[in-house]
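Heads up, the thing below is written out as structure tokens.
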Amino acid sequence: MSRSLLFVALLAAGCGGNSFTNLFPDNREVDVAAVLARIGDPAATSRPSNALGRPIVVLSRHGEPQGLVAWDVEANAKLWSVDRVVDSQPWIAGGAVLFKSGDELVSLALANGEELGTLDLDGLVLYGVAAADGLVAVTAGSGGGSVAASFRSGRIWILDEALSRRVSATDVDKLVGAPAVAGGMVFVPWDRQNVTVLDGATGDELCRLVIGDEMVTWLFAAPEGVFYGGKGVFRLTERSASGRKATSTFRAMEWTDPGFPSDPELWPDAFAGVADGRPHARARARLAWYPGLSTGDDEVAFADDRLYFVYYRYLVAMRPGDRALMWVRGLDGPVAEAAAVPGGVFVVQESGALRFLRAADGADGWTGESGVPVARAGIGVSGWVPAGDGSRGEDLRSQALAALLDPDAAAVPVRSLVLALFGRMTDPGVSRDLLQVLRTPQMPVELRNEAAHALQLRPDGDDFLKQALEDHFDYLHDVPTPPVGVIASALRNMNATAAASDLVAHLFDPETPQEAMEVLVRSIVALGDGAVVAPLERFLRMYGADTEFTVFPNVLEAAAFGIAVHGGDDGLEFLEELADEWFTPGGLAELVRNIVAGRRAAGPSLSTLPLRVSNEEFAAVLAADRAAYASCLADARRRRPPLVHVDASFTVTGDGLIVDVSTIPADAGLGLCLKPLVEQLALPRFQLQQDRFVVPMDLTLE
């Protein structure tokens, strides 16, 4: 056979010892189909995959002496313990427990802790271990750490549970990551863009995927399938041969609003290298999820429709599609390890406490106490769901408020995340809870600012804000001044016209902060009618010559404008008389005369405008000019792929200026994007000072 024919034959075969060579073809449909055939159909996890068939947790003991403790979760009792130097997390691998000790990988029998074997790592950095059905895969490397490193090398061992070699180790000039095992095959991510599938019996390469538009930073296998990705999640299907997100089975998960504290990866980085076994910062700030059973080749499901964020001693459960807050649970100490499983999330605390938190509400479904201080843990409980006692956990608002009022300074970052998610809920009572956060003494300033921002973006809850305005400072009864400026701004954005008189009550309260006066007056003008003219006139007469207001001249201007808008001819005459008074400062007199002149000039045109316009008329204008703000809708759809529809609420002045934009479901980024673009449109004019319109928007339209 000629050399050219031999080359063609090898290329067509795609196997026979060409593992990781440039000759091996990538993204071949026939190779992917063969791999899927060996894996078999996805199945829901029904029982723990270890050889004992029981839920087992292996704890790495913190302190001296180091060692491992195996805990039978179902029996809630210690299975065995050994004293040993432990330099990694433990991995539960079928009938074995694997861990790094010094420069060796050690295997202990899961049943009794007896040593099965060791593997010399030859001074290489251990990247990961995976096992299934008696097959163990181990990857290590030079520790160059990045694809761009000038020198990098990797080694792949294919072993049995006693760490005896099945085939010769494979050395490659690649950066290899933590592997996965399924169907008697070894899946290895490499150079952060590729996945190679090796035959577990021969070490030959069976299939290679090259992903063209997504980093491959992690990979794992479960009964529900093989999953890989970076910012998003690929599920291995026949569509994977395309090597592109759009034509693979892919779920985008990138999210920036709000961001997660410490910016955790969607799944632990396969190329980070195994840590030293001490309590691990990454385990204290991480995301956790478990794949759901998907149907067809176009879906990537999450078990229980949950994504969990673990931070310090808190767990926050969200819907993965829209980050809707589902529950919040604060524990009595830091989390050492957490694993999402069908039905909930299993948590190991550094104190040795063990918990199964239910996916539905975060309540304890099971608890245990190992009595062991924990550094790291291997959790093998997938498929086991405790029966529980049927009791319900606390309601979400109670959970969230307890977290927000937690005085623990170390929890401030996760409390900020909870506050941002909580503020987007549609329950009107959330507004009352945000007020409580604002009015709590010693609340960190960043949380106070976040609460104020969330409150100002809410479309409902005005009754609670009006109720808060009934409070006035009372030293004897320990009643503090309410956050008048924040409340006024929020009520204005809600277009809560019935609140104008409640705001007026604070206009003459000496405890109202000077810095809140402008937003207070402008909100009174925006929400009020003729009834606010008299108090505004009184305010101008009382404070027009007050030197304190020279620092805040816009306050007096806003009051004068309100009189001109709502007072008719009588209001304009009052302003003219005020401007001519001897005690009126020259600057204020000139400002008032300009307001009167402008209002009289605009009078004829204003009289031709309708008092108000209908919601349908406003929506029709926006629908006709959708192209002007289509980029905002496309961006929201990109950031949140499951989001297909929003109701956008626009608070608009009669002369076409947009005061506020909010959306349901809440998306602060979309609201901020829409505001300046919609404001440039020829919006309908009307005589009312301000009104609010709700416009349904379909994000899927081109």
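Restricting attention to region 206-236, the residues that are of a type in the set (D, E, K, R) and assigned to a loop (DSSP other than H, G, I, E, B) add up to 4. For region 166-174, the criterion of a residue being buried (at least 24 other Cβ atoms within 10 Å of the Cβ) and not basic (Lys, Arg) is satisfied by no position. Residue count for region 500-534 satisfying the condition of being surrounded by fewer than 19 Cβ atoms within 10 Å (Cβ to Cβ) and under 17 Å from GLY568 (Cβ atoms): 4.
Kindly state which helices (runs of 4 or more DSSP H) lie completely within region 599-702 and contain at least 2 residues that are under 30 Å from ALA560 (Cβ atoms) and without any contact (Cβ under 8 Å) to a residue 60 or more places away in the chain. Walk me through it before giving the result.
Values: elements: 615-624, 630-639, 668-679.
Those helices (runs of 4 or more DSSP H) span 668-679.
A single member of ALA317, ALA285 is outside the structural domain of PRO642 (by TED's automatic domain parsing), in contact with a strand residue (DSSP E or B) (Cβ under 7 Å, 6 or more places away or on another chain), closer than 21 Å to GLY259 by Cβ and modelled with pLDDT under 95, and it is ALA285. ARG358 falls short on exactly one of the conditions (1) farther than 22 Å from ASP305 by Cβ; (2) at pLDDT 95 or above; (3) charged (D, E, K, R), and that condition is (1). Under the condition of being farther than 25 Å from ASP691 by Cβ and either among the hydroxyl-bearing types (Ser, Thr, Tyr) or not assigned by TED's automatic domain parsing to the domain that holds VAL484 (or both), the residues counted in region 504-536 number 1.
Okay, residues lined up against (1) closer than 28 Å to PRO441 by Cα; (2) assigned to a helix (DSSP H, G or I):
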site	(1), (2)
LEU491	yes, yes
ALA499	yes, yes
LEU503	yes, yes
HIS506	yes, no
GLU511	yes, no
VAL533	no, yes
ALA560	no, yes
PHE574	no, yes
TRP582	no, no
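Please determine whether any residue of region 255-267 is touching a residue at least 40 places away in the same chain (Cβ under 8 Å) and crowded, with 24+ Cβ neighbours inside 10 Å. Scanning region 255-267, I find no residue that is touching a residue at least 40 places away in the same chain (Cβ under 8 Å) and crowded, with 24+ Cβ neighbours inside 10 Å, so the answer is no.
With respect to the conditions (1) in the same structural domain as SER240 (by TED's automatic domain parsing); (2) in contact with a strand residue (DSSP E or B) (Cβ under 7 Å, 6 or more places away or on another chain), PHE271 falls short on a single one, namely (1).
For region 100-125: of the residues being in contact (Cβ under 8 Å) with a residue 60 or more places away in the chain and buried (at least 21 other Cβ atoms within 10 Å of the Cβ), which is nearest to SER142 (Cα to Cα)? The qualifying residue nearest to SER142 (Cα to Cα) is LYS100. Residue count for region 255-301 under the criterion of being touching a helix residue (DSSP H, G or I) at 6+ places or on another chain (Cβ under 7 Å), closer than 17 Å to ARG235 by Cα and acidic (Asp, Glu): the result is 1.
Candidates VAL348, VAL418: the one that is in a helix (DSSP H, G or I), modelled with pLDDT of 95 or more, surrounded by 24 or more Cβ atoms within 10 Å (Cβ to Cβ) and β-branched (Val, Ile, Thr) is VAL418.
Mind listing whichever residues of region 287-326 are farther than 22 Å from LEU401 by Cβ and among the small types (Gly, Ala, Ser)? Scanning region 287-326 gives ALA288, GLY292, SER294, GLY296, ALA301, ALA303, GLY321.
Would you pick out the residues in region 44-87 that are within 14 Å of VAL374 (Cβ to Cβ), part of a loop (DSSP other than H, G, I, E, B) and not β-branched (Val, Ile, Thr)? Talk me through it step by step, then tell me what you get.
Keep residues of region 44-87 that are within 14 Å of VAL374 (Cβ to Cβ), which gives 57-63, 66-71, 78, 81, 86.
Now drop any that are not part of a loop (DSSP other than H, G, I, E, B), which leaves 62-63, 66, 86.
Within region 44-87, HIS62, GLY63, GLN66 meet the criteria.
State whether the residues of region 131-140 include one that is farther than 29 Å from SER351 by Cβ, surrounded by 22 or more Cβ atoms within 10 Å (Cβ to Cβ) and in contact with a Lys or Arg (Cβ under 6 Å, 6 or more places away or on another chain). Among the residues of region 131-140, at least one is farther than 29 Å from SER351 by Cβ, surrounded by 22 or more Cβ atoms within 10 Å (Cβ to Cβ) and in contact with a Lys or Arg (Cβ under 6 Å, 6 or more places away or on another chain), which makes the answer yes.
Look at region 348-369: where a residue is aromatic (Phe, Trp, Tyr) and a partner is part of a loop (DSSP other than H, G, I, E, B), sitting 6+ places away or on another chain with Cβ atoms under 7 Å, you get PHE356/PRO386; TRP366/PRO386. Looking only at residues in region 535-547 that are part of a helix (DSSP H, G or I) and in contact with a helix residue (DSSP H, G or I) (Cβ under 7 Å, 6 or more places away or on another chain), the one that is farthest from ASP570 (Cα to Cα) is TYR543.
Determine, yes or no, whether ALA201 is under 23 Å from LEU36 (Cβ atoms) and either surrounded by fewer than 20 Cβ atoms within 10 Å (Cβ to Cβ) or modelled with pLDDT under 95 (or both).
Values: under 23 Å from LEU36 (Cβ atoms): yes; either surrounded by fewer than 20 Cβ atoms within 10 Å (Cβ to Cβ) or modelled with pLDDT under 95 (or both): yes.
Answer is yes for this residue.
The set of residues in region 387-400 that are of a type outside the set (S, T, N, Q) and surrounded by fewer than 18 Cβ atoms within 10 Å (Cβ to Cβ) comprises ALA387, GLY388, ASP389, GLY390, ARG392, GLY393, GLU394, ASP395, ARG397.
The values are calculated or read from the model by the stated rules, or taken from the named source; none is laboratory data. For clarity, every value in this text was computed on a predicted model and none was experimentally measured. Because the Cβ atoms are built from the backbone with ideal geometry, glycine has one as well, and the counts that use them run over all protein chains shown.
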